[in-house]
Structures are given as C-alpha cells and as structure tokens.
C-alpha cells in the first residue's frame, strides 16, 4: 500500500478521534436505515478514490467514500463490475447498509463480495480484517460482520472487493401475465426476477445465443415485451423468506417490488422497526460492547431494525 493511501486512512482516523459521538456520512441515500443517528453526533466522511484494480485477480481496492457509480465506471473499462447496488450511494454506505443490487442473482451478494475491510475503531485506530484473496484469510471473518452493521462497530475507510465480468449480453423483459415464481424456476441463472403484484420483470444475462434461447423459452409462460430496465423501487427494504413472497400483497401496503428467489422487497412503506430478541439480541449486545463499549459510533442506528 502506498504512503498516500496510508495517510488518507490516518487522516480519517484522526478526524474520528477518540471522544464524542460520531456518525459517518455518505450520499444519504439510505440515511434512515435502522433509524437516523442521534442529534449532536459529529459527522465525518470517509476518504475517496479507486486505489487499485487487478482485473486478472478480479479484485479492486477502493476507499469507502467513493461513489459506487465512480467505482463501476472504473471497473467497466476492464469489462468488470461489482455486487454493490447502483442506487447513487457510496461504497462504504452500500456495505454498511448491506443492500444487494436488484440484479443480485447475477451480480452476487454484497456480503460475499467483501474480501478485506480497513476501518477506524471506536478508540481511533485503523484496523484491518480479511485479506486480498479468500485463500489467505484465517481467523474471525470481520468483513462479513461489517456488512449491514450500519457503522456501529467501526467506520469503514477502505475495502477490497471481489469483482465479476460484465456479461457480453443483457436484456430486460416484462410481462403482464407471467407467474414470477414459474419464471424464476424455469431460468438458468437470471440476473433478476422482479414482481410488483401485477407485472413481472426478468433480466437475462450471458452470451447472446443463450440470452436469445432463454427469451424464446419464456414465451410459453406469458406474453413479453422489451423493457428499458428494472422498475422504479421504493426506498425501504423488507427482508422476508423467499417462500413468503406470495403473501406480499396482503402484507405490505403501498407500492412494492419483490425480488423473487431472494426474499427482498423494496417498498414505499417502511417496515416496522424490530429489536433483535433472544440469543441473537444478546450476541449483538456483546459484539457492540466489544467493538464500541462507549457507544460513540453511529448512535441511534440499530442493525436488523428494518430499513
């Protein structure tokens, strides 16, 4: 790592300091996730910049304050992308929230893409967890722990992400009459299958011949027309079991779009805040006490409390 990269993290750690409550700020695309930070918390920003892309190893080192759009623009120059969602946020924000892209079936999950995390701890130290490749990682899996933690365990400063190739062909289709569950069951590795209770969208990815063959196969399941992309989705995320998605029309009021086979529903209505109960709740409290005993990092945020 270059001296300049080290200095950026050291400067971030110095800004976080060791006293007072602190909240990290990105683009605020999911600012209410798990509850807004408590008033009075000092706002800080993570450093920015794509540091190193190794396309042959399918990894990229990037600072947490970098916009996801900037990262994906740099990766696209080498024909690659990442699992991070393209919704206008930063790299660190996407990881802290833990929200997958709508095309998660093709891109993969955010949790699986994070190989290494360098973060600022509650006592102002720069700490590294994970490694540049899966093979040389041992011990406690800090990267996975930080995905979805909402910055309550440490403030992410820099990460190494796994990348994947941009498919040579990609096509969005929509249907007013196809059963989304039958569609999902009939396709081999679609990029996405989405449903709003009335219309079904599907993203087909791969080689052009394979995409064409799958599109023709879908004709037996309904009438289809080209779509410019996925539907607009609401700002709130519900996490359900995949088998519960058929019941979404009776469960969520307002507009919603469900990701079939995944269990995620994006809605205009926020899910009820829920506390982690039982053994999971006790474990979460112990983890928080271990990483942030004074409760100074992103106070007011509650991972698992709904988005």
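Please work out if residue 95 is assigned by TED's automatic domain parsing to the domain that holds residue 159, at pLDDT 95 or above, part of a helix (DSSP H, G or I) and touching a helix residue (DSSP H, G or I) at 6+ places or on another chain (Cβ under 8 Å).
On the way: assigned by TED's automatic domain parsing to the domain that holds residue 159: yes; at pLDDT 95 or above: yes; part of a helix (DSSP H, G or I): yes; touching a helix residue (DSSP H, G or I) at 6+ places or on another chain (Cβ under 8 Å): yes.
Yes; evaluated as a whole, the condition is true for this residue.
Spot the failing condition for residue 88; the list is (1) in a strand (DSSP E or B); (2) at positive phi, and only one is missed.
Going through the list (1) in a strand (DSSP E or B); (2) at positive phi, residue 88 breaks only (1).
Given (1) over 14 Å from the mean Cα position of the chain (by Cα); (2) assigned to a loop (DSSP other than H, G, I, E, B); (3) buried (at least 19 other Cβ atoms within 10 Å of the Cβ), where does residue 119 come up short, assuming only one miss?
With (1) over 14 Å from the mean Cα position of the chain (by Cα); (2) assigned to a loop (DSSP other than H, G, I, E, B); (3) buried (at least 19 other Cβ atoms within 10 Å of the Cβ) applied to residue 119, the lone miss is (2).
Search the stretch 213-225 for residues being free of Cβ contacts under 8 Å to residues at least 40 places away in the same chain and surrounded by fewer than 18 Cβ atoms within 10 Å (Cβ to Cβ), and hand back the single one that is farthest from residue 254 (Cα to Cα). Even if it seems obvious, please write down each step before you answer.
First pass over the stretch 213-225, keeping only residues free of Cβ contacts under 8 Å to residues at least 40 places away in the same chain: 213-214, 216-217, 219-220.
Pick out the ones that are also surrounded by fewer than 18 Cβ atoms within 10 Å (Cβ to Cβ) and you get 213, 216-217, 219-220.
Values: 213: 36, 216: 33, 217: 33, 219: 30, 220: 31 Å.
The selected residue is 213.
Give 289, 267 a once-over and let me know the one that is exposed (fewer than 15 other Cβ atoms within 10 Å of the Cβ) and without any contact (Cβ under 8 Å) to a residue 60 or more places away in the chain. Can you show your working first?
On the way: 267 fails: exposed (fewer than 15 other Cβ atoms within 10 Å of the Cβ).
The unique qualifying residue is 289.
Go through (1) within 16 Å of the chain's Cα centre (by Cα); (2) buried (at least 24 other Cβ atoms within 10 Å of the Cβ) for residue 46 and report which single condition fails.
Of everything listed in (1) within 16 Å of the chain's Cα centre (by Cα); (2) buried (at least 24 other Cβ atoms within 10 Å of the Cβ), residue 46 misses just condition (1).
Filter the stretch 191-206 down to residues that are over 30 Å from residue 272 (Cα atoms) and in contact with a strand residue (DSSP E or B) (Cβ under 6 Å, 6 or more places away or on another chain), then give me how many there are.
Going through the stretch 191-206, the residues over 30 Å from residue 272 (Cα atoms) turn out to be 203-206.
From what is left, the residues that are in contact with a strand residue (DSSP E or B) (Cβ under 6 Å, 6 or more places away or on another chain) are 203-205.
The number of residues fulfilling the criteria is 3.
Which residues, taken from the stretch 138-194, are without any contact (Cβ under 8 Å) to a residue 40 or more places away in the chain and over 18 Å from the mean Cα position of the chain (by Cα)?
Kept after step one, since they are without any contact (Cβ under 8 Å) to a residue 40 or more places away in the chain, are these residues of the stretch 138-194: 138-144, 182, 185-188.
Residues satisfying the conditions are 138, 139, 140, 182, 185, 186, 187, 188.
Within the stretch 163-197, how many residues are at negative phi and in a loop (DSSP other than H, G, I, E, B)? Please lay out each step first, then the result.
Let us first name the residues in the stretch 163-197 that are at negative phi, namely 163-188, 190-196.
So of that shortlist, the ones also in a loop (DSSP other than H, G, I, E, B) come out as 163, 166-168, 176-179, 187-188, 190-191, 196.
Selection size over the stretch 163-197: 13.
Could you tell me whether any residue of the stretch 123-141 is at negative phi and surrounded by 24 or more Cβ atoms within 10 Å (Cβ to Cβ)? Full working, then the answer.
From the stretch 123-141, those at negative phi are 123, 125-129, 131-138, 140-141; that's our starting set.
Filter once more, keeping what is surrounded by 24 or more Cβ atoms within 10 Å (Cβ to Cβ): none.
Checked against the condition, which is being at negative phi and surrounded by 24 or more Cβ atoms within 10 Å (Cβ to Cβ), the stretch 123-141 yields no hits at all.
Quickly run through the stretch 99-137 and pick out the residues that are in contact with a helix residue (DSSP H, G or I) (Cβ under 6 Å, 6 or more places away or on another chain) and within 18 Å of residue 29 (Cβ to Cβ).
100, 101
The values are calculated or read from the model by the stated rules, or taken from the named source; none is laboratory data. It should be emphasised that the depicted structure is a prediction, and the values quoted were computed from it without experimental measurement. With ideal geometry, Cβ positions are generated from the backbone for all residues, glycine too; neighbour counts draw on all protein chains shown.
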